[in-house]
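The values are calculated or read from the model by the stated rules, or taken from the named source; none is laboratory data. These numbers were taken from a predicted model, which means no experiment stands behind them. FYI the Cβ positions are ideal-geometry reconstructions off the backbone, even for glycines, and counts take in every protein chain you see. For accessibility, only protein heavy atoms count, side chains too; no ligands or nucleic acids. Shrake-Rupley method; radii C 1.70, N 1.55, O 1.52, S 1.80 Å.
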Amino acid sequence: MKILLINPPNLGRSIPEEQYGITSIKAIFKGEPLALEVLAGNLYDHDVAILDLKVEPASALMETINRFAPDLVGITCVTCEADALIAIAQQIKKETKQDAPVIVAGGHHASCDPDYFNVKGIDYVVCGLAKKSFRDLVTAIDTSQQVRIPGIAKTCPGTRLNLIPRQYTIEDLVDEHPPRYDLVEDYRDTYVMGGIGKAGFVVTAFGCVHSCAFCSIPTITGGRYLTHSIEASIDCMKRLNTVSLIRCVDANTFGNISFARKFAAAIIASGVKKQIVVDVRADTVVNHPDVIDLWQKAGLAAVVIGFEEIDNQRLNQFNKKSSVETNIKALKHLKKTGLKVIGDFIVSPDYGRSDFKALEDFIDTHEIQLPVPSILTPIPGTPLYQRMKDEIEIFDLAYYTFSNAVTRTALEKEEFYTLYAGLFKKFHSHITQN
């Protein structure tokens, strides 16, 4: 089959960018569509192409459809892109008419809220890890078999999806077939990490065993933490031979400490010379500093840590299972190592002036090189959504970019956004939109 995989355009809305002169938010996140490259890797006997509409102009959509003439189109998205996905699907169906390809929706939002895509223009919805299940779907369609695949549902607008739950295992990772990095080679120079530089993405693990109230990641694997083989992950690093910086896009690269130690030792033994950026919990840094030190020998250059808050009561409300004291201890160790710290913080809608000032002072005091303050956003499918859904004021999912207050705020909106934008203007002055 001819299969086209589409990364939707970056149409997420940002009030700080639109009204308060902030330019660094989208500049931070300009990575490759790794999820599509992963899917393509397991479609080795099909003719596959990737269209990245975050790079290409809107006109490229139908130009590619008409030129490539796919039998099936797969489109991924996060929450703020959900409506863009639907619009793309419906445009393809409308403009190709009788020859319309099968349209499959997947990605984070499909995994958290699959019924959102139970609409005209979309034929199937894929939830969770899809490297194996998506291939099973392609095979079923290609051979005219009935589709009864756990994790996948045929759409039926007007009624609920009949989705068979899937228990995800190591088999869903399909290690023997690596991502098709070659399919985005023409876009490679556009994939950068703001404030760091050109980067290639590698996934070494999926899922998370923690249950932070704001996070949708555990939904992807049903609460399991699944690791790729060390050999497969190092092979991916080698395949990205034109980039010197590897961003491990795991929720928690060191979620299995014994595995993390073996992984670092294997990278050193392999001779791979890359700068590496990983996500790690603060309590892991505190409890296992030797792992951080070993990874630094393997090439670790920066860590992304979800500090989230500077108040223990708020951390407990998020079910973070960490503390401000642990965060500070982690920062002290990381300062000794010289590693760059990218710190994720959550700005709650009930923040007052003193809360914004306290966060600014904390970042200053602990010299966090790249703080990323996000506004607490109740993503459908998370515990936070159930808790805050009655407070939601903005229902347009395009605003669910973690840079907008979609719920009621304690301060007047203008003051809230002025203070929020002030954090970006102070701490992101070195990051510019290219």
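See the values below:
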read-out	value
Distance from the range 299-365 to the range 168-218 (C-alpha centre basis), Å	24 Å
FRET efficiency estimate (nearest 0.05) - Cβ-Cβ, Arg13 to Phe395, R0 22 angstrom	0.95
Residue order for Glu415, Glu231 - accessible surface, 1.4 angstrom probe, largest first	Glu231, Glu415
Distance violations [Cα-Cα > 18 Å] among Lys262/Lys297; Lys198/Lys274; Lys262/Lys321; Lys335/Lys425	Lys262/Lys321; Lys335/Lys425
Förster radius 51 Å - calculated FRET efficiency between Asn319 and Ser229, Cβ distance, rounded to 0.05	0.95
Residue with peak Gaussian network fluctuation, the chain [Cα springs, cutoff 10 Å], from Gly12, Gly381, Gly158	Gly158
Among beta bridges that DSSP assigns inside the range 90-233, antiparallel share in %, nearest 5	80 percent
Approximate spin-label separation Asp361-Lys238, in nm, with each point projected 7 Å along Cα-to-Cβ	5.3 nm
With all protein chains modelled, accessible area of Lys238 [1.4 Å, Å²]	110 Å²
Relative contact order of the range 132-196, pairs being alpha-carbon contacts under 8 Å that are 6 or more residues apart, as %	24 percent
Per residue accessible area in Å² of the chain, where ligands, DNA and RNA are left out and the probe is 1.4 Å	42 Å²
Cα-based shape type of the range 23-158, given that a ≥ b ≥ c are square roots of the gyration tensor eigenvalues and the cut on a/c is 1.5	rounded
For the range 155-160, 3J(HN,Hα) per residue [Karplus equation, 6.51 cos²θ - 1.76 cosθ + 1.60, θ = phi - 60°, Hz, x = Gly/Pro]	5, 8, x, x, 10, 6
In degrees, nearest ten, helix 289-298 long axis to first principal axis of the chain (Cα)	60 degrees
Potential extension, Val272-His288 segment - 0.36 nm per residue separation minus Cα distance	3.4 nm
Stretchable slack from Cys156 to Asp142, in nm (0.36 nm times residue separation minus alpha-carbon distance)	3.0 nm
Degrees separating the helix 131-142 axis from the principal Cα axis of the chain, which is the longest one	10 degrees
Gain on full stretching of the segment that runs from Ala58 to Ser429 - 0.36 nm per residue minus C-alpha separation	130.5 nm
Label corresponding to Rg/Rh (Cα atoms, Kirkwood Rh) when calculated from the structure given, among [x] 1.19; [y] 0.95; [z] 0.99	[y]
Protein-only accessible surface order, largest first, of Tyr116, Tyr399 at 1.4 Å	Tyr116, Tyr399
Helix-only mean residue ellipticity at 222 nm for the chain, each DSSP H run of n ≥ 4 adding -39500 (n - 2.57), per residue, nearest 500	-10500 deg cm²/dmol
In order through the range 376-387: 3J(HN,Hα) via Karplus (6.51 cos²θ - 1.76 cosθ + 1.60), integer Hz, x for Gly, Pro	3, 10, x, 6, x, x, 9, x, 4, 4, 4, 6
With DNA, RNA and ligands ignored, accessible area of Asp113 (1.4 Å probe; Å², nearest 10)	40 Å²
Under 5 Å, built H, 5+ apart or other chain: amide partners of Asp344	Ile305, Gly306, Phe307, Glu308, Val372
Residue with peak Gaussian network fluctuation, the chain [Cα springs, cutoff 10 Å], from Lys273, Lys30, Lys336	Lys336
Cysteines (scope the chain) whose Cβ has no counterpart Cys Cβ under 4.7 Å	Cys77, Cys80, Cys112, Cys127, Cys156, Cys208, Cys236, Cys248
Contact order relative to length of the chain, as percent, for alpha carbon pairs under 8 angstrom and 6 or more apart	17 percent
Accessible area in the full protein assembly, largest first, 1.4 Å probe, for Arg67, Arg387	Arg67, Arg387
Of all accessible heavy-atom area on the chain, the percent that carbon and sulfur account for (1.4 Å)	50 percent
Percent antiparallel among DSSP beta bridges (both partners in the chain, rounded to 5)	20 percent
Listed residues Val147, Val102, Val303, most fluctuating in the chain (Gaussian network, C-alpha, under 10 Å)	Val147
Accessible area of Tyr44 in the full protein assembly, 1.4 Å probe (Å², nearest 10)	120 Å²
